[in-house]
Amino acid sequence: MANILVIDDEPAILESLSMFLVEKGHKVFTAATGRKGYDFFVEEAPQIVIMDIRLPDLNGLDILEMMVEKNLPSKIIMITAYQDMETTIVAIKRGAFDYIHKPLDVDEIEKSVDRALSILEIDKKTPSME
């Protein structure tokens with residue numbers, strides 16, 4: 001079980017992803033704005049973040065960068081309705097773990113979350129080189 005934060009301004013996305021992930025045994029938190037999502041991220045340090053790129057208050061790519069700078073053991077999955085290769089590349093360069101296009105396929109979400117959790121588990125078991 002993981003703590004997962006879903007940030008999206010579409011209530012239907014928040015509700016459907018939350019229901020699906022809870023059904024899979026995860027604890028899910030939601031936020032409809034980038035600011036609320038970022039504040040929750042800093043306070044709770046969820047293992048997985050699923051975040052829309054286009055939010056009403058802040059740009060998801062900017063929030064991604066802010067989250068990565070916190071250097072918390074989290075994996076961030078970006079979602080978007082816009083299929084733009086340049087944005088995909090920017091998201092990955094800024095530290096996104098994965099990039100998924102809407103309409104969301106729950107199987108794709110599940111696979112991405114499972115891969116992210118596997119990597120987080122390996123990272124915990126791997127000694128740091130610092």
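Here are the numbers:
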{"quantity": "Residue 64 being under 14 Å from the mean Cα position of the chain (by Cα), outside any loop (DSSP other than H, G, I, E, B) and over 20 Å from residue 91 (Cα atoms)", "calculated": "no"}
{"quantity": "Which listed residue, of 55, 117, 104, is surrounded by 14 or more Cβ atoms within 10 Å (Cβ to Cβ), of a type outside the set (Asp, Glu) and more than 21 Å from residue 9 (Cβ to Cβ)", "calculated": "117"}
{"quantity": "Residues satisfying the stated conditions in the range 58-88, i.e. at pLDDT below 95, hydroxyl-bearing (Ser, Thr, Tyr) and surrounded by 13 or more Cβ atoms within 10 Å (Cβ to Cβ)", "calculated": "80, 87, 88"}
{"quantity": "Condition check for residue 1: over 11 Å from the mean Cα position of the chain (by Cα), more than 21 Å from residue 81 (Cα to Cα) and open to solvent by 70 Å² or more (accessible area, probe 1.4 Å)", "calculated": "yes"}
{"quantity": "When residues of the range 33-52 are limited to those that are among the small types (Gly, Ala, Ser) and within 26 Å of residue 86 (Cβ to Cβ), the one surrounded by the fewest Cβ atoms within 10 Å (Cβ to Cβ)", "calculated": "34"}
{"quantity": "Scan of the range 89-99 for residues that are farther than 14 Å from residue 54 by Cβ and either without any contact (Cβ under 8 Å) to a residue 24 or more places away in the chain or open to solvent by 60 Å² or more (accessible area, probe 1.4 Å) (or both), ordered by number", "calculated": "89, 92, 93, 94, 97, 98"}
{"quantity": "Residues within the range 15-32 that are hydrophobic (A, V, I, L, M, F, W, C), under 12 Å from the mean Cα position of the chain (by Cα), open to solvent by 20 Å² or more (accessible area, probe 1.4 Å) and over 14 Å from residue 106 (Cβ atoms), tallied", "calculated": "1"}
{"quantity": "The range 102-121: number of residues that are outside any loop (DSSP other than H, G, I, E, B) and over 21 Å from residue 67 (Cα atoms)", "calculated": "5"}
{"quantity": "Residue count for the range 39-54, restricted to those that are in contact (Cβ under 8 Å) with a residue 40 or more places away in the chain and part of a helix (DSSP H, G or I)", "calculated": "1"}
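The values are calculated or read from the model by the stated rules, or taken from the named source; none is laboratory data. Computed from a predicted structure; not experimentally measured. Every residue, glycine as well, gets a Cβ built from its backbone with ideal geometry; the counts of neighbours run over all protein chains shown. Keep in mind that these areas ignore ligands, DNA and RNA; they rest on the heavy atoms of the full protein, side chains included. Shrake-Rupley method; radii C 1.70, N 1.55, O 1.52, S 1.80 Å.
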